[in-house]
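Undergrad: One structure, as structure tokens, below. Some questions next.
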Amino acid sequence: MGNMNYIKKLFCFLFATFIILSFSMTSYAKETDNLEESVVTKSDADVMSLEGPTVYVDLDEYGSGELTRDADGNYSGVLTSRSGVTVITCIMTGYIDSIENYYEIGIAWNGSNQVNYISADSLTVKSTSILHSEEYWSNPIYVPAGSDTKGYKPVGYVMIDPDVEKVKVQTSGLKAFFNNEDYWITVSEISQTIKLNDF
């Protein structure tokens, strides 16, 4: 009888342990699966104060005169001169969701012209080493800027090894669409190193 009670107690203990472990593992799996969704984005004020790889879009560079569009959507003529400069910057901030070496990649813009969209065929974050080039993140980007002259939007998240202090940021096909224009403007590419920010 004593052995039977012992076996029952042991079975109850093992069963309870199994239930607790199963619940813990399920919770952990859910947290891991939803990591991208639960990311806490840094505030605009925080990121707008940071430096990063930058390109300048000077609308005066794009000519003077008038631009017309035919029924097929093709343009002819020379672009109307528009004064104003917009700065487009790639910013990376770390310690997202209190996870070391987990970084938010974002695009900031600031200038005198209202920006509708910023896009690129690809934005790549890679190592600065010439001997061992490692690509950490590479994707196309599309940033709805909401016709604001200044703002910030996250475009992705990446884990980077703790011993890495700088990375190279490179775009391909970077362009912007402004509120006072009716066409995409292809701008210079971002191709610079960036110091990783841990705040």
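Nothing in this text is a laboratory measurement; each read-out follows from the coordinates by a stated rule. Just so it is clear, the structure is predicted and the values come from calculations on it, not from any experiment. Here the Cβ positions follow ideal geometry from the backbone for every residue, glycine too, while neighbour counts run over all protein chains shown.
Undergrad: 7 Å from Cα along Cα→Cβ at both ASP121 and TYR95: what's the point-to-point distance in nm?
TA: 3.9
Undergrad: At 0.36 nm per residue, and after removing the present C-alpha to C-alpha distance, how many nm does the segment from VAL164 to SER112 gain when stretched out fully? Each step should come with its number before you reach the end.
TA: Working: separation 52, 0.36 × 52 = 18.72 nm, distance 3.55 nm.
Going from the current span to full extension adds 15.2 nm.
Undergrad: Near SER172, within a Cβ-to-Cβ distance under 15 Å, what is the net charge of the other residues, with Lys and Arg +1 and Asp and Glu -1? All intermediate terms of the calculation are to be shown ahead of the outcome.
TA: Details: positive: LYS126, LYS168, LYS175; negative: ASP121, GLU135, GLU189.
Spelling it out: positives minus negatives among the neighbours equals 0.
Undergrad: Hey, with R₀ at 35 Å, roughly what FRET efficiency would SER133 and ASP182 work out to, going by the Cβ-Cβ distance, to 0.05? Intermediate values should be presented prior to the final figure.
TA: On the way: r = 40 Å, r/R0 = 1.13.
FRET efficiency, SER133 to ASP182: 0.30.
Undergrad: Loop only per DSSP, at most 16 neighbouring Cβ atoms within 10 Å: give me the trypsin sites (Lys or Arg not before Pro) in segment 117-192, ordered by residue number. Don't skip to the end; give the middle numbers.
TA: Working: sites: LYS126, LYS150, LYS166, LYS168, LYS175; in loops: none.
Filter output for segment 117-192: empty list.
Undergrad: For THR124, what is the net charge nearby, where nearby means another residue's Cβ is under 14 Å from its Cβ and Lys, Arg count +1, Asp, Glu -1? Kindly include the intermediate steps, with their values, before the conclusion.
TA: Values: positive: LYS126, LYS168; negative: ASP121, GLU134, GLU135, GLU189.
After counting each charged neighbour, the total is -2.
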